[in-house]
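Encoded as structure tokens, the structure appears first; notes follow it.
The values are calculated or read from the model by the stated rules, or taken from the named source; none is laboratory data. Because the structure is predicted, anything quoted here is derived from the model rather than measured. Ligands, DNA and RNA are stripped out before the accessible areas are found, and what is left, the full protein with its side chains, is counted by its heavy atoms. Shrake-Rupley method; radii C 1.70, N 1.55, O 1.52, S 1.80 Å.
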Amino acid sequence: MTAEALDQENRAGERKWRRRSLWSLALLIPLALAVESYDSVKALLGDSDLFARRVVWGQSAHFGGSDWKLTDLRGAFGMSNLPPDSVPVLADFQVKVGDPDLQKLWLGCKVTLIDKDGRRWLPTSIVSLKTPDNVGNCISAIFSGAKSGDTLNLRETFLVPKEATKSIRPAVGVASERPRFLLFQLEKD
């Protein structure tokens, strides 16, 4: 074999390996990005309520090891010392405990109000209304020591703009079910 033929064969082999390397980069770069972003995506989905599971008013839904039912949603109009054009809203739930490990299943329990534009409100402590002794909130229920079969009465208080009261819907999210959450629909929906 001549030196020229050997040189040409080496160049052909080099081109083949260069092409293979470029094709492998096209596969390895997206794969490396996916591996590097996995933890970030997992954290994002684990901390966010993204996918609504709709529940009709008056019906219960099994969620976080218990059966959740919205029993009342009402505004507490006529209160003084509140920001202008704002209304306290009370959301009452009745929860029949299934799995009593609420500290695990309800970790990160979050009740929110969502309006038709997607705006969200969290419970507030600005408005203090007298609550019956047998009514707690989402966080206090976690540490209540409830047993399987117990019924918990929960109430969350919100402060929302008056114009949003026409379209708000209560939602419940817990860590064991995220990124899914319950979205309660009112009768007229």
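Can you give me the convex hull volume of the Cα atoms of segment 56-119, divided per residue and expressed in Å³?
In segment 56-119, the Cα hull volume divided by residue count equals 133 Å³.
Over 14 Å, how big is the tail of the calculated P(r) for segment 118-189, in percent of all Cα pairs?
So the portion of pairs separated by more than 14 Å is 71 percent.
Could you give the length gained on full extension between ARG74 and ALA3, defined as 0.36 nm per residue of separation minus the Cα-Cα distance, in nm? Write out the running numbers ahead of the final one.
Numbers: separation 71, 0.36 × 71 = 25.56 nm, distance 9.14 nm.
So the chain would gain 16.4 nm between ARG74 and ALA3.
In Å, what Rg and Dmax follow from the Cα atoms of the chain?
27.4, 101
Can you give me the accessible area per residue for the chain, using a 1.4 Å probe, in Å²?
So the chain comes to 64 Å² accessible per residue, rounded to a whole number.
For the chain, take the longest principal axis of its alpha carbons; what is the angle in degrees between that and the long axis of helix 3-47, to the nearest 10 within 0 to 90?
Approximately 10 degrees, to the nearest 10.
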